[in-house]
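Input: a single structure, listed below in structure tokens.
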Amino acid sequence: MTEIKGISQVNEVCEGLKKRIGCEFVALALQNEVGPDVRWHYASGNLNDKYKRITVRFGKGIAGKIISSGSPMMLIDFPNDIYGKVTDHPIMLAEKLVSCYAVPIFFNSSPKGVLLVGKREKYTFSEDDQEMVQDAALELEQILQNQILGLGGYV
Amino acid sequence: MEYSATRNQMSSYIIQAQEEEIKRISLELHEGVGQNLFSILTGLKVVESGIKEDHVKNHLHEMTQLIEKTMQEIRLLSVELYPPALTALGLLPAIKSYIKVYTSTFGIVVELSSIGEEKPILEQNSIAVFRVCQEALTNIAKYADTSNVRIDLKWSNSKLKISIFDFGRGFQIEDLEKNPYSLGIATMKERMLLTGGQCEISSKIGEGTSIEISLPI
């Protein structure tokens, strides 16, 4: 078992993405090996360590919706114009994010994780930004797949 | 005076009716939908164990995982609506159980202490206290910008006192009127007044906010 934060390739992809997009926060949520829980295993640009204790709720908030639907999502001006309650978006509250774009990470064709980039200001992520996040998610899928097969999982 | 008494009775009736409806939906979710999903899950696992083809087995496994996630969400939703521990075990176990869900939802650590022996409280009073604590913690997650909260319960023969302190950014009490959560605070105070208790809020910028709840037993 290995920690996601300790995988240098994951750090490189996430830090590279953060720089290219010019965002303040990047995080990676993944379903635990055992059970249905999805947790934030990696974050960069975080203000505190709340993300480590947050369990993403299936179908709730941006990450929960992505895991349940398998489609990307964007928030432009949190907490305005959101679907559901403000408290359904704990990562936005914990990190004081105002905008974010997040995409699913697939394992065996099922969404098992989320890659999220966020800013602490109102922002619309352009098509180029969205493409960069999608590419990074594909890279992460590959890295994590190899890690899981080679090292017997992650924590 | 008479008008005020009628108004109080009406508020109390509306709150109680709302709580009863919430409890009904919560039980329906837990006992009805939740149990049905469990039966489907058990059935699918039996089918999965008897299947040889890998692709069908994988597909079934994905389905069982989806049901497990849905069951977990139904359970959380049901507990969020109405904590079963409140009627079965009492206020303190219900608060403890809510804190666990709260920390895993918002990542905020809550330190809880209870001094004195827990006393039995009327269900409508204990749900009022529980809802006030729930509202206070939700406000903290939304506005306080903190990672730690402390809750102290003090039980005496005639009174339960609860203090909640958030170590957060605090706010000017004078600005409460303009504050986005002033309505939530007014509801907390109203709920406690209807139980014969009180709810006081004090705050200092940069130091945190304190909520003091008292309930006659």
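We did not get these values from a lab; they are worked out from the coordinates using the rules stated. Source: prediction; values computed, not measured. Cβ atoms come from the backbone with ideal geometry, glycine included; neighbour counts cover every protein chain shown.
Here are some notes:
- Exposed-site-free run, longest, chain A (rule: GluC sites (Glu not before Pro); DSSP loop; at most 13 other C-beta within 10 Å): A:34-120
- Viscosity 1.567 mPa s, 4 °C: Kirkwood-radius Stokes-Einstein D of the range A:4-151 over Cα pairs, µm²/s: 86
- The antiparallel fraction among DSSP beta bridges confined to chain A stands at about 95%.
- Among the chymotrypsin sites (Phe, Trp or Tyr not before Pro) found in the range A:19-98, those both in a DSSP coil and sparsely packed, with 13 or fewer other Cβ atoms within 10 Å of their Cβ, are A:Tyr83.
- Rounded, prolate or oblate (a/c below 1.5 giving rounded, otherwise prolate when a/b exceeds b/c) for the range B:2-81 by Cα gyration tensor: prolate
- Taken about its Cα centre, the range B:85-216 carries a charge dipole of roughly 240 debye when the Cβ of each Lys and Arg holds +1 and the Cβ of each Asp and Glu holds -1.
- Helix-only CD estimate at 222 nm, as mean residue ellipticity for the protein assembly as shown, using -39500 (n - 2.57) per DSSP H run (n ≥ 4): -15500 deg cm²/dmol
- Cα point-scatterer Debye curve for the protein assembly as shown, base-10 log of I(q)/I(0) at q = 0.11, 0.12 Å⁻¹: -0.87, -1.00
- For the range B:142-165, backbone nitrogen atoms closer than 11 Å to the point 7 Å from B:Leu92 Cα along Cα-to-C-beta are found at B:153-156.
- DSSP-defined antiparallel bridges as percent of all bridges, chain B, nearest 5: 75
- Exposure proxy shown here: for A:Leu140, B:Leu89, the number of other Cβ atoms within 10 Å sets the order, fewest to most, as B:Leu89, A:Leu140.
- Shown here for the range A:42-120: trypsin sites (Lys or Arg not before Pro) in loop regions (DSSP other than H, G, I, E, B) with at most 12 other Cβ atoms within 10 Å, namely A:Lys85.
- Farthest toward positive dipole pole in the protein assembly as shown [+1 Lys/Arg, -1 Asp/Glu at C-beta], among B:Ala17, A:Phe58, A:His89: B:Ala17
- Gap separating the Cα centres of the range B:68-107 and the range A:41-83, nearest whole Å: 21
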